[in-house]
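> Sharing a structure here in structure tokens format.
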Amino acid sequence: MKRLSLIPPILVAFQMKTFASLNESKSKDHKQGYNLERVVLIFRHGARTPISNVFPGNKSNEVYFWDINEMRLKQEDLVPALTVDDPQFRIVSEHNTKQETTKFPGGCSVGELTKLGREQAINLGNELRKRYVEELKLLPTQPDASLLELRSTNVNRTIETLRGVLFGIYGNNFGSALHVTVASEEDETLTPNFTCERLHESYKLQRQNFFHETKTNTLRLQLADLFQTEPTNINFVNIRDLVIALKTHGKVIPEFLDNKPILDNLEKASVEQVFSVLIGLSKNDVDYPQKGLQLSAAPLVHEVCSRVSALDTQHKLTLLSGHDTSIMPLMCSLGYYEHVWPDFCSNVAFEVYLKNDHRYVRVVRNGQWIPISGCSEYCPMNKFLDHFSSFLSIEEHKNACKIEDQNVSNSNTPSGTSL
């Protein structure tokens, strides 16, 4: 396998637009002689219940109510029919099982896709239909399952989001159940995989380093004071997660926390926290590309590149259903470090075009074309692949993950699919 070396992430500011901006390019594609062959799309799941339902400390001890009757998907929502590998022998995800069996007051599970989340997924599917069925005619007006490749993390909310996207494209018009491929937790590539020992060790180190970051210490102390707790109990990501879940679903957050400067600073600190853990972005760490992106993103880069460059596939549309921890490392691998958290159903599309017997890749983020270093809008396939040429191969990644000290513990290992 070709050894995929690393282009350090660069800071790029760009405006996110809606899929409506793609309408401007549809006629240009054909006029310039670019014919769309296939698309690989990776997206985050839709809105969900929180991972934790209680804020830290004693100031706000309210436990929020997540009404199963208002939020949970009904049986009639579970269309089109999906089979996840062999339904009788589906790989068991301990992480998914733990979340599914942990209930909040009201009956909903931890991290469960809500009705709103399904609506967001359907809306994404509607936009995909407009572009790839109605406008560019990549797909036929009636569904043909053989043209679709479906892949998801082994988590219910990503599988249900995938179902919603499919419904948005074709409704419930598939003649039979669609096959969805998942991977075991040990083999997962759509998110950073913390069964990689060295990534886990890097996670622990970055978590400790981040706690002592002086630029976030003021906010940590401020939040500790607001919540009437110790600074060690302040986890920016966990607090943000509950805030976003509450606000997204129209619930009220504590009045003392409903302060724009505080929430803005919480958002920034949360982004820095998750990037320091998943990507290892530390200005004081000259070796961060190797310890960060190489370990967290290389498997996903290979998963995307292998599909984008495939010549012997009948699939016209590949849908990869993942998490914010899928979008973040992938965008960094493309050369973008965003100071924003990926929204629900945030997505990245890799459009493969053919022109004069040569293939080109156009990268689209949430409906907006984004440039790749050294490329025009339609990036020649060889240049696109060269952009990732320094990423570790699959075998090299496995070797890089190994730690010779067999006493290394994987306790408290974070899940790459928890977000």
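The values are calculated or read from the model by the stated rules, or taken from the named source; none is laboratory data. The model shown is predicted, which means the values in this text are computed figures rather than measured ones. Here the Cβ is made from the backbone with ideal geometry for all residues, glycine too, and neighbour counts use every protein chain on show. Surface areas here come from the heavy atoms of the whole protein model, side chains and all, with no ligands, DNA or RNA. Shrake-Rupley method; radii C 1.70, N 1.55, O 1.52, S 1.80 Å.
> From the mean inverse distance of alpha carbon pairs (Kirkwood) and the Cα radius of gyration, derive Rg over Rh for the stretch 37-109.
Looking at the stretch 37-109, the ratio lands at 1.06.
> Cβ under 11 Å from residue 315's Cβ, residue 315 left aside: what net charge do those residues give with Lys, Arg +1 and Asp, Glu -1?
0
> Now a separate question. What is the magnitude of the charge dipole of the stretch 82-218 about its Cα centre, with +1 placed on the Cβ of each Lys and Arg, -1 on the Cβ of each Asp and Glu, and no other charges, expressed in debye to the nearest 20?
The calculated dipole for the stretch 82-218 is roughly 480 debye.
> Do any of 59/251; 130/383; 215/268; 247/268 go past 21 Å between their Cα atoms, and which?
The answer is 130/383.
> Moving on. Hey, got the dipole for the stretch 197-278? About the Cα centre, +1 on K and R Cβ, -1 on D and E Cβ, debye to the nearest 20?
The calculated dipole for the stretch 197-278 is roughly 140 debye.
> In µm²/s, what is D for the stretch 62-170 at 20 °C and 1.002 mPa s, where D = kT/(6 pi eta Rh) by Stokes-Einstein and Rh is the Kirkwood radius from Cα pairs?
The estimated diffusion coefficient comes to 139 µm²/s.
> For a quick protection proxy, order the peptides 57-65, 150-158, 195-203 by their average other-Cβ count within 10 Å, most packed first.
150-158, 195-203, 57-65
> Local charge sum around residue 370 (other residues, Cβ-Cβ under 10 Å, Lys/Arg +1, Asp/Glu -1)?
Summing Lys/Arg as +1 and Asp/Glu as -1 gives +1.
> Can you give me the solvent accessible area of residue 252 with a 1.4 Å probe, rounded to the nearest 10 Å²?
Taking all protein chains as shown, residue 252 has close to 120 Å².
> Shifting gears a bit: Carbon and sulfur together cover what percent of the accessible area of the stretch 164-252 at a 1.4 Å probe radius?
Carbon with sulfur: 46 percent of the solvent-accessible area.
> Would you kindly compute the Cα radius of gyration of the stretch 132-221 and its largest Cα-Cα separation (Dmax), both in Å?
20.6, 58
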